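Asker: Dropping a structure here in structure tokens format, bear with me for questions.
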Amino acid sequence: MKTNQEYKNAALAALKGKWTPSVCATLVLIAMMVAVVIIAVIVEFAVGTDPDSEIMSPWFYLIIYGFLMLFYYPLSMVGYCNAFKSLFRNGDGNVISNMFSYTANGYPKALGLSLLYMLFVFLWALLLYIPGIIKGLAYSMSPFILKDNPELSANQAINLSQKMMKGHKFDLFCLMLSFLGWVILSMFTLGIGYLWLAPYMYTTMAAFYEDVKADYESRQVVA
């Protein structure tokens with residue numbers, strides 16, 4: 001396995017000359033989230049709830065969670081991740097079109113993966129936050145796996161991710177922790193810095209996936 005800096009350097013090299021489409025893809029993703037909230041607010045006013053009430057109606061939350069589950073999470077978890085994997089692996093700078101096409105071409109599985117991922121992490125988090133974090137790390141490679149192995153079901157991709165991440169969960173935790181300074185800096189820019197930070201982080205994770213995948217395959221050959 002490489003060092004954190006080697007993964008990050010590889011990501012920066014892959015992003016060189018492709019920052020514009022990468023930032024635009026992130027902006028599209030954020031715009032979709034904002035659009036969901038706007039739609040929910042419109043519905044909230046349309047149903048005529050008490051304007052003096054400080055509690056939003058159930059419609060507001062149903063609209064938000066419904067749209068997030070059906071469109072945003074599959075797009076962000078599978079499409080966005082794999083668009084940057086293609087950028088890293090093949091130098092493909094068509095980030096926005098890949099983000100949507102990767103989701104649309106395997107939408108049922110992308111939706112299923114999103115639902116299972118959040119359900120499993122939530123259930124483990126009920127035990128305490130730490131088990132939830134550990135399982136989140138264990139399942140983290142499943143979006144990449146699902147795209148590389150379209151014959152697998154969402155649950156099989158999650159199970160394979162757990163096997164692939166055996167012995168590497170702490171490695172990924174440290175890698176993500178190394179971005180903490182950039183996360184804090186992005187907060188001071190009112191989130192604008194995230195437009196550049198997200199592509200950097202996801203391309204770095206794609207680099208990590210390639211290494212973990214190669215390590216897992218080598219272990220399978222030996223076994």
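Asker: Hey, residue 40 hits all of (1) buried (at least 17 other Cβ atoms within 10 Å of the Cβ); (2) at pLDDT below 85; (3) under 21 Å from the mean Cα position of the chain (by Cα) but one; which does it fall short on?
Answerer: (3)
Asker: Another question, then. Out of 173, 120, 208, report the one residue that is within 21 Å of residue 88 (Cβ to Cβ) and open to solvent by less than 80 Å² (accessible area, probe 1.4 Å).
Answerer: 208
Asker: Pairs please, first residue from region 153-169 and of a type in the set (Ser, Thr, Tyr), second anywhere and assigned to a helix (DSSP H, G or I), Cβ atoms under 8 Å, 6+ apart in sequence or on different chains.
Answerer: The qualifying pairs are 153/109; 153/112; 161/138; 161/142; 161/145.
Asker: Something else: Among residues belonging to region 176-191 that are under 27 Å from residue 34 (Cβ atoms) and small (Gly, Ala, Ser), point out the one that is least open to solvent (accessible area, probe 1.4 Å).
Answerer: 186
Asker: Kindly indicate which of 20, 26 is at pLDDT 80 or above, within 22 Å of residue 196 (Cα to Cα) and surrounded by 13 or more Cβ atoms within 10 Å (Cβ to Cβ).
Answerer: When all the criteria are applied, what remains is 26.
The values are calculated or read from the model by the stated rules, or taken from the named source; none is laboratory data. No experiment lies behind these values; they were computed from the predicted model shown. Glycine gets a Cβ as well: all are built from the backbone with ideal geometry, and neighbour counts include every protein chain shown. Just so you know, the surface numbers come from the protein's heavy atoms only, side chains and all, with ligands and any DNA or RNA stripped out. Shrake-Rupley method; radii C 1.70, N 1.55, O 1.52, S 1.80 Å.
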